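S.K.: Pasting a structure below so you can have a look.
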There are 2 protein chains.
Amino acid sequence: MPGYKAPVEDVTFLLNDVFQIDRYANLPGFSDATADVREAIFSEAAKFSEEVLTPLNRVGDLEGCQRHDDGRVTTPKGFAEAFGQFAEGGWIGLSAPAEFGGQGLPYTLTALINEFLISANMAFAMYPGLTQGAASALIAHGSQALKTTYLPKMVAGEWSGTMNLTEPHCGTDLGLLRTRAVRQADGSYRITGTKIFISGGEQDLTANIIHLVLARIEGAPAGVRGISLFVVPKVMVNADGSLGARNGVACGSIEHKMGIHGNSTCVMNYDNAVGWLVGEEHKGLAAMFTMMNEARLGVGIQGLALSEVAYQNAVSYTRDRLQGRALTGAKAPDKAADPIIVHPDVRRTLMTIRAFNEAGRALVAWTALRSDVAHRSDDAAEREAADDHTGLVTPVIKGVFTDVGFANTVMAQQMYGGHGYIAEWGMEQFVRDARIAMIYEGANGIQALDLVGRKLPMNGGRAVKTFFAEVAGYLAENNDAAMKPYVVPLAAALGHLQQATVWFAKNGVANPDNAGAGATDYMHMFGLVVLGYMWARIANAARARLANGGEPARFNAKLVTGRFFMERMLPETAAHLARIQAGAGSVMELPVEAF
Amino acid sequence: MPGYKAPVEDVTFLLNDVFQIDRYANLPGFSDATADVREAIFSEAAKFSEEVLTPLNRVGDLEGCQRHDDGRVTTPKGFAEAFGQFAEGGWIGLSAPAEFGGQGLPYTLTALINEFLISANMAFAMYPGLTQGAASALIAHGSQALKTTYLPKMVAGEWSGTMNLTEPHCGTDLGLLRTRAVRQADGSYRITGTKIFISGGEQDLTANIIHLVLARIEGAPAGVRGISLFVVPKVMVNADGSLGARNGVACGSIEHKMGIHGNSTCVMNYDNAVGWLVGEEHKGLAAMFTMMNEARLGVGIQGLALSEVAYQNAVSYTRDRLQGRALTGAKAPDKAADPIIVHPDVRRTLMTIRAFNEAGRALVAWTALRSDVAHRSDDAAEREAADDHTGLVTPVIKGVFTDVGFANTVMAQQMYGGHGYIAEWGMEQFVRDARIAMIYEGANGIQALDLVGRKLPMNGGRAVKTFFAEVAGYLAENNDAAMKPYVVPLAAALGHLQQATVWFAKNGVANPDNAGAGATDYMHMFGLVVLGYMWARIANAARARLANGGEPARFNAKLVTGRFFMERMLPETAAHLARIQAGAGSVMELPVEAF
């Protein structure tokens, strides 16, 4: 059975050394998150992940969720107890406002802890994760009455939350959605329609489930401008807050999926269900979109989290498995063979995953900090800059982390040879679980289009120009001899990214297919550059720690891993640029009938 | 449920136009394989694949194989009947010598047909595939008595064959194997030990199962020089050919795997089982190795086959699924949305898979033809050259086709959005099934090492020098204006590959880790160059057909797809070269304790 150890030391290094979180002490909630408090929180979250959630991961995969004839859904054995314990610990509301029972601590802490939870048990972590997302939507857009009725219970984990967007005939193109809402005299609405792929749509973890549902009010304009957002509770809530009758919503079936079996993915049937409007009529998509960055960052973290846990297990297997001899002579001559970690191709694989994980975690920390600034700063210019940054980087994190995270689980599985294909070893579950993250919350092709088609041109390219200036400035300020192995390759990669950006500006307007055909390459190129930038900052911080008596082994490992990234991963930007500059020609030339 | 249509037209084009199979008419068996015969064979194989095997693919995944308490294993419903039909049709012995009941037709036909069978049902196709492999081993190394006893029944599909190499503690490093063989007075041996991951080790398809087993004769030298190969039948065969008592071999359990559920993967326990030596004592590994090229080519074909069937289904879904509008304006204004095949990122994905599949199929055809030359030519120099070629290209086909084939199933699955993650749509099965091919028959890291460490330096680099000369010669002879879009990029890529080869020669001897750290990149780079070479030849043949009144749509599609390969896939060679030239430094620098 796979093991897991949460990277507490690494997140501490990132917050203290690389990003110097104390500089953010003026933001609400940050002064409460002192170094001691942070350490205590990370340690507790690590313990819960390692000791409670990890052992339930395979059970969840094997047992899956069961729908009963009466529409009830049971989650795998142990999930309900673990969820209770998790809610009890106050984890769901760690970063939620105090007025709803939360602790108001930085979102950054929640984001970093989510990595631990997901590494330990992705299917489980989705239940509280979606509850946090639904609560955020209500906080941002709900009326005071809705907030008072629902948020304290959701923040406490007594009730859960879900997001209901997809319908059988529409996923990406929400303009096509058909679920109807009919206004009632009392100000409520009656919702009717079918939603699919609803994670946690029905379960036995909480007494109530608060569904956020996109629907079209009768008479609304066609397309995305006629969509509204509603709260639809599974069980009606009485005026005194107690639970009343069942609402007209039920789970029609659960899906048979490739992975995340421990999470119930439901078809939800809404039959004249009572709902209340969240935000304004016909502005549901905009309300959803404000939540999108956080939700997409959360899915990106899933890619990172599975990459990390798969890496840890691959390391442990390759240190134990004896097979063959090192190319440079036996390293364990007293044994029948050397551990396979001596082989360069094995080492290359491990380093490739590790070099992504450590920079990826840094990017999560940095982006979460910027998200805290965007939401909590009292300086409008600071908020705008931070919002620009998260808007720009979020599709990159979602698309790149889930593509690379999945590929990394596959590489880690490969280290096990034939055993990697066998369920009992647990590696193939990581692959199956990781696969969904490339698809949901906007398939990765959509992330790439969001980046190239929306985020690049937005406000005259303000966000991307600021980002380029920041990286270029960092390169200029940190080009002493010791930093050369990092800043020289990064400068070349940044140059490629800038060339691609200019190319799109020139060629994407005349023929938008030129932008579409290069979008995925651009997203991955952007990912390499921003991860390279993280490596430069990590290397700098590691050098500072070494200069101040930091453990040589630990911080030298950072310097070596950063060099590996620069030498072996960053050169890919040239291939991305070549593909982008090839344009849409051969991509679009064949008529549809030729396929 | 996914569909499948075998690419009969494409294999015909490859044999007739690209490789002009008639030039091989002097080889035994080739004159029987006239154009009409080939067409009839391909059509029948297509029909069997499409109509019998395709419908059993999902059944096989859902039902899997069951081991009963008495050690019997039942395969999924319908498999036994289909196997009977397949054997009856004479397919197993299509290319086997007539003296054992085969039809003696070119192995090339078997290789191309295997793609169809695997696309339709990989788990099923493994049973006859392994039987063909075991039969080939007996043909090459068995005594006349063994051949007479076993081959006619195996060729007829009355009995099946298996390969038994792996043990719990050894896979790649067969020198560690422990299964013992004890000489008996009658010339037989008694075999005792445990083998794992034995595909088709037990089943209900055939009356007998002929196991080929690697074991160590008592007193044999340690390591790989003390391994011998044995035939161990499940049921003893009487002198008159009838079946006798059960032999001392049984299935101890079957594995729970990520995919290929329809194939029984067994732990096989040998307990004083009677076996007969194949070839010479202590030379079992060499005997196995002579079979390796064909077996590895067969696994490479699995990668191609799953890529092809996944592609076909992705095309069909993206032509049907309506979602969003084309970036250049509505293409189906009468419908609620355009089919998603209008989107450049979707098109890019489909073209990427297609550009691999068509060149990959060409490389299978070409290599199978060379393999026929290596086995059937009466000219020793021709045989040597052909053998050099297959030895060089086989690890590339195995490693690259299975890596890329798997990645392609993942990309095809992505085209389905959320539906791709749902079992009923069938796409996730292709991903799970394709995954094993990267692992078995020598994990892909081993293929890369075989290429770089053995095949490159062998005979002073004779094989690779010949290959480079062939491609360079082709480029020089085919550089008119119309061929420029193919030969110019290919020349650049060939240059990269040659630089990497020289780099290994210079830096790999001083420090073998430099070769090991770059081996996988080299293998993939080699794959790109040889597939690029296939595209140049395909483009040339397509131009010839166009000049001679060939259907414009069909052959123009070849020219466009080839350009796509050159513009968007081949540029990756530069990144591979950069990684290779980075050497082993940062790959190997961390001490094992740092992981």
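The values are calculated or read from the model by the stated rules, or taken from the named source; none is laboratory data. Just so we're clear, the structure is a prediction, and the values are computed from it rather than from any experiment. Because the Cβ atoms are built from the backbone with ideal geometry, glycine has one as well, and the counts that use them run over all protein chains shown. For accessibility, only protein heavy atoms count, side chains too; no ligands or nucleic acids. Shrake-Rupley method; radii C 1.70, N 1.55, O 1.52, S 1.80 Å.
S.K.: Hey, any idea what Rg/Rh is for chain B, computing Rh the Kirkwood way over Cα pairs?
M.R.: 0.97
S.K.: Okay, moving on. For the range A:354-367, take each phi angle, set θ = phi - 60°, evaluate the Karplus expression 6.51 cos²θ - 1.76 cosθ + 1.60, and give the result in whole Hz per residue in order, putting x for glycine and proline.
M.R.: Per residue, the Karplus-derived 3J(HN,Hα) values read 4, 5, 6, 4, 5, 6, x, 4, 4, 5, 4, 4, 5, 5 Hz.
S.K.: With Cβ to Cβ distances under 11 Å as the rule, what net charge do the other residues near B:SER43 carry (K, R +1; D, E -1)?
M.R.: Its environment carries a net charge of -3.
S.K.: Above 14 angstrom, tally the Cα pairs of the range A:111-177 and express them as a % of all pairs, no decimals.
M.R.: Result: 66 percent of Cα pairs exceed 14 Å.
S.K.: State, to one decimal in nm and shortest first, how far the label point of A:VAL182 sits from each corresponding label point in the other identical copies (label point: 7 angstrom along Cα-to-Cβ).
M.R.: 8.4
S.K.: Let me make sure I get this right: for the range B:159-282, a, b and c are the square roots of the gyration tensor eigenvalues over alpha carbons, sorted descending. Under 1.5 in a/c it's rounded, otherwise prolate if a/b > b/c, else oblate. Which is it?
M.R.: oblate
S.K.: When Cβ neighbours within 10 Å are restricted to other protein chains, what is their mean count per residue of peptide B:417-430?
M.R.: 5
S.K.: Of the accessible area of the range A:458-587, with the probe set at 1.4 angstrom, what percent is carbon plus sulfur?
M.R.: Looking at the range A:458-587 in its full context, I get 59 percent from C and S.
S.K.: Output the residues of the range B:161-192 meeting this criterion: accessible area (heavy atoms, 1.4 Å probe) in the chain alone minus accessible area with all protein chains in place is 20 Å² or greater.
M.R.: When all protein chains are present, B:PRO168, B:HIS169, B:ASP173, B:LEU176 each give up 20 Å² or more of accessible surface.
S.K.: In percent, how large is the relative contact order of chain A, given Cα pairs closer than 8 Å and 6 or more residues apart?
M.R.: 13 percent
S.K.: Further, regarding this structure: Look at the axis of the rotation that sends chain A onto chain B, then give the chain A residue with the nearest Cβ and the distance in whole Å.
M.R.: Closest Cβ to the A-to-B rotation axis, residue and whole-Å distance: A:ALA575, 2.
S.K.: In sequence order, what are the phi-derived ³J(HN,Hα) couplings for the range B:46-53 according to the Karplus relation 6.51 cos²θ - 1.76 cosθ + 1.60 with θ = phi - 60°, rounded to whole Hz, with x for glycine and proline?
M.R.: The phi angles translate into 4, 4, 4, 5, 6, 9, 9, 7 Hz.
S.K.: A further question on this structure: Once R0 is set to 56 Å, what does the formula 1/(1 + (r/R0)^6) return for the Cβ-Cβ distance between A:ASP22 and A:ASN272, expressed as a FRET efficiency to the nearest 0.05?
M.R.: 0.55
S.K.: For the pairs B:LYS257/B:LYS283; A:LYS283/A:LYS465; A:LYS153/A:LYS283; A:LYS257/B:LYS398; A:LYS195/A:LYS257; A:LYS195/A:LYS283, flag any whose C-alpha to C-alpha distance is greater than 21 Å.
M.R.: B:LYS257/B:LYS283; A:LYS283/A:LYS465; A:LYS153/A:LYS283; A:LYS257/B:LYS398
S.K.: Next up: Quick check for you: with a 1.4 Å probe and neighbouring chains kept, what is the accessible area per residue of the protein assembly as shown, in Å²?
M.R.: Solvent-accessible surface per residue comes out at 34 Å².
S.K.: A further question on this structure: Between A:GLN498 and B:ALA286, what is the FRET efficiency for a Förster distance of 51 Å, r being their Cβ-Cβ separation, to the nearest 0.05?
M.R.: With a Förster radius of 51 Å, E is 0.35.
S.K.: With each run of n ≥ 4 DSSP H residues scored as -39500 (n - 2.57), what mean residue ellipticity at 222 nm is computed for chain A after dividing by its residue count and rounding to the nearest 500 deg cm²/dmol?
M.R.: That calculation yields -18000 deg cm²/dmol at 222 nm.
S.K.: Distances from A:ALA222 to the same position in the other copies: list them in nm, one decimal, shortest first, using label points 7 Å from Cα along Cα→Cβ.
M.R.: 8.0
S.K.: Among the trypsin sites (Lys or Arg not before Pro) within the range A:93-195, which fall in a DSSP loop and have no more than 14 other Cβ atoms within 10 Å of their own Cβ?
M.R.: Answer in residue order: A:ARG178.
S.K.: Between B:ALA145 and B:ARG225, what length comes free when the chain is fully extended (0.36 nm per residue of separation minus the Cα-Cα distance, one decimal in nm)?
M.R.: 26.2 nm
S.K.: Shifting gears a bit: Considering only the label points, 7 Å along Cα→Cβ from Cα, what distances in nm to one decimal separate A:GLY585 from the same position in each other copy, shortest first?
M.R.: Copy-to-copy label distances at A:GLY585, shortest first: 3.7 nm.
S.K.: So how tilted is helix A:458-477 from the main axis of chain A? Cα-based, degrees 0 to 90, rounded to 10.
M.R.: The angle comes out near 30 degrees.
S.K.: Just the ratio, please: alpha-carbon radius of gyration of the protein assembly as shown over 2.2 N^0.38 Å, N its number of residues.
M.R.: With N residues counted in the protein assembly as shown, Rg over 2.2 N^0.38 Å equals 0.94.
S.K.: Please work through chain B and write down the cysteines that have no neighbouring cysteine Cβ at a distance under 4.7 Å.
M.R.: B:CYS65, B:CYS170 - these cysteines have no disulfide-compatible partner (Cβ-Cβ under 4.7 Å) in chain B.
S.K.: Each label point is 7 Å from the Cα along the Cα-to-Cβ direction; what then is the distance between the points at B:SER242 and B:GLU44, in nm?
M.R.: Using points 7 Å along Cα→Cβ, the separation is 3.2 nm.
S.K.: Quickly work out the A:ALA491-to-B:ALA336 label distance, labels modelled 7 Å from Cα along the C-beta direction, and quote it in nm with one decimal.
M.R.: 5.5 nm
S.K.: Enter the Cα centre distance for the pair the range A:542-560 and the range A:61-112, rounded to the nearest angstrom.
M.R.: 38 Å
S.K.: Same structure, new question: Which residues in the range A:362-384 have a backbone N closer than 19 Å to a point placed 7 Å from the Cα of A:THR466 along the Cα-to-Cβ line?
M.R.: Only A:363-384 pass the distance filter.
S.K.: Sticking with this structure for a sec: Residues in the range A:457-472 near a label at A:ALA380, defined as backbone nitrogen under 16 Å from the 7 Å Cα→Cβ point?
M.R.: Label zone hits: none.
S.K.: Let me ask another. Ignoring ligands, DNA and RNA, what percent of the accessible area of the range A:159-282 is carbon or sulfur (1.4 Å)?
M.R.: Carbon and sulfur: 50 percent of the exposed surface of the range A:159-282.
S.K.: With Rg and the Kirkwood Rh both taken from Cα atoms, where does Rg over Rh land for the range A:458-587?
M.R.: With Rh from the inverse mean 1/r over Cα pairs, Rg/Rh is 1.07.
S.K.: Now for a separate question. Using the Karplus equation 6.51 cos²θ - 1.76 cosθ + 1.60 (θ = phi - 60°), what ³J(HN,Hα) coupling, rounded to whole Hz, does each residue of the range B:257-264 give in order, writing x for Gly and Pro?
M.R.: Using θ = phi - 60°, the values come out as 10, 5, x, 5, 5, x, 9, 7 Hz.
S.K.: On the full set of protein chains, 1.4 Å probe, figure out the accessible area of A:ASP17 and give it in Å² to the nearest 10.
M.R.: Accessible area, nearest 10 Å²: 40 Å².
S.K.: Angle between the Cα long axis of helix A:484-507 and the longest principal axis of chain A, 0 to 90 degrees, nearest 10?
M.R.: Helix A:484-507 and the main axis of chain A meet at about 50 degrees.
S.K.: What does the average come to when, for each residue of peptide A:345-354, you count the partner chain Cβ atoms lying within 10 Å of its Cβ?
M.R.: Per-residue shielding by partner chains comes out at 6.
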